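> Sending over a structure as structure tokens; questions will come in a sec.
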Amino acid sequence: MNFRHLHYFWRVARLGAVGAAARELHLTPQTLSGQVRLLEAALGRTLFRKAGRQLELTDDGRTALRFADAIFSLGGELEDRFRAGRAGSDVIEFRVGVTEAVPKSLAYRLLEPATRAGDAVRIHNLSGKAVALLGELVAHRLDLVVSDAPMPPGTGLKAFNHRLGQSGVSFFAAPGLRRRFRRRFPQVLQDMPLLVPGAETAVAERLRRWLEARDLRPNIAGAFDDSALMKAFGQGGQGAFIAPTAIEADVARRYGVTCIGRSDEIIEEFYAISIERRIHHPCVALVSEGARTSLSA
């Protein structure tokens, strides 16, 4: 069996499409499809079948994927262990993904302790959707993913959740917007336009339930998966918005907005997701330890 062919199959199966895998691997879709067929011929099994325009795994394909996950996970762990564990003055590479829902100032606060792992720490950061970042993690192109939610069950990915902590939320509004709406919090939200986190974020449902419990029906002026974009619209006076209370002072200073109220009932949780059940990478360990001072337990 050619392990290059197995790797090609693994990327197609994990990305869910030949086109996406071909772009990642810098191959043409025709070449990639041919390489997967060679693997099927070597194994004597059909690994994919067509479902409309999509590909789906056969039972044999799912079995092959479990073995491929184990093979490439172990290979990645070997590489990570030697890269992170070198003695002397070698550079410690720390590759971390941060989901769009995690505020950038909070991400900095969580990741800054990693710089204390040694004199030569090089941090590589990638921001994006949780699904894409988790794919990079299991492919061993990331050491850690910082997210506002744990990895959901049933994904089939071999990774582990490490809870960093939580924070209540604060509500913010640009000064001009606040002057137009003078009612007390939280009743002021009934009249004020509100920018809310997108449905894909973990805090969106908690905010909705909190508003319903108080019979508040604000004018939803926008929904954002990207927390930085939501704050930018809030800075422009397009609506009130929420951010973790742990970074309240940072948000107020950076965006020139005013805190109009707080809630400890709307909880934002944060997780470090790694391929290690027990943390060995020195930077990941420092991030986990440092979160105790940045977030409540």
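> Has the range 181-188 got at least one residue that is of a type in the set (D, E, K, R) and surrounded by 16 or more Cβ atoms within 10 Å (Cβ to Cβ)?
Within the range 181-188, the subset of a type in the set (D, E, K, R) is 182-184.
Those left that are additionally surrounded by 16 or more Cβ atoms within 10 Å (Cβ to Cβ): none.
Checking the range 181-188: not a single residue is of a type in the set (D, E, K, R) and surrounded by 16 or more Cβ atoms within 10 Å (Cβ to Cβ).
> If you don't mind, another one. Under the condition of being surrounded by 17 or more Cβ atoms within 10 Å (Cβ to Cβ) and assigned to a loop (DSSP other than H, G, I, E, B), which residue from the range 199-225 is farthest from the chain's Cα centre (by Cα)?
If we take residues in the range 199-225 being surrounded by 17 or more Cβ atoms within 10 Å (Cβ to Cβ) and assigned to a loop (DSSP other than H, G, I, E, B), then PRO218 is farthest from the chain's Cα centre (by Cα).
> Condition check: over 17 Å from LYS104 (Cβ atoms), in contact with a strand residue (DSSP E or B) (Cβ under 7 Å, 6 or more places away or on another chain) and without any contact (Cβ under 8 Å) to a residue 60 or more places away in the chain. Does ALA213 satisfy that? Steps first, answer last, please.
Values: over 17 Å from LYS104 (Cβ atoms): yes; in contact with a strand residue (DSSP E or B) (Cβ under 7 Å, 6 or more places away or on another chain): no; without any contact (Cβ under 8 Å) to a residue 60 or more places away in the chain: yes.
Judged against the criteria, ALA213 is not a match.
Each row is one residue, and each column tells you yes or no for (1) touching an Asp or Glu at 6+ places or on another chain (Cβ under 6 Å); (2) surrounded by 12 or more Cβ atoms within 10 Å (Cβ to Cβ); (3) at pLDDT 90 or above; (4) in a strand (DSSP E or B).
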| site | (1), (2), (3), (4) |
| --- | --- |
| LEU55 | no, yes, no, yes |
| ASP60 | no, yes, yes, no |
| ALA64 | no, yes, yes, no |
| PHE67 | no, no, no, no |
| ILE71 | no, yes, no, no |
| GLY75 | no, yes, no, no |
| GLU79 | no, no, no, no |
| PHE82 | no, no, no, no |
| SER89 | no, no, no, no |
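> Please give the number of the condition THR46 fails out of (1) touching a Gly at 6+ places or on another chain (Cβ under 9 Å); (2) surrounded by 18 or more Cβ atoms within 10 Å (Cβ to Cβ); (3) without any contact (Cβ under 8 Å) to a residue 40 or more places away in the chain.
Evaluating THR46 over (1) touching a Gly at 6+ places or on another chain (Cβ under 9 Å); (2) surrounded by 18 or more Cβ atoms within 10 Å (Cβ to Cβ); (3) without any contact (Cβ under 8 Å) to a residue 40 or more places away in the chain leaves (2) as the failure.
> Additional query: Please go through (1) closer than 19 Å to GLY290 by Cβ; (2) of a type in the set (D, E, K, R); (3) at pLDDT below 85 for GLU112 and return the number of the only condition it doesn't satisfy.
(3)
The values are calculated or read from the model by the stated rules, or taken from the named source; none is laboratory data. A quick note: this is a predicted structure, and the numbers were derived from the prediction, not measured. Glycine gets a Cβ as well: all are built from the backbone with ideal geometry, and neighbour counts include every protein chain shown.
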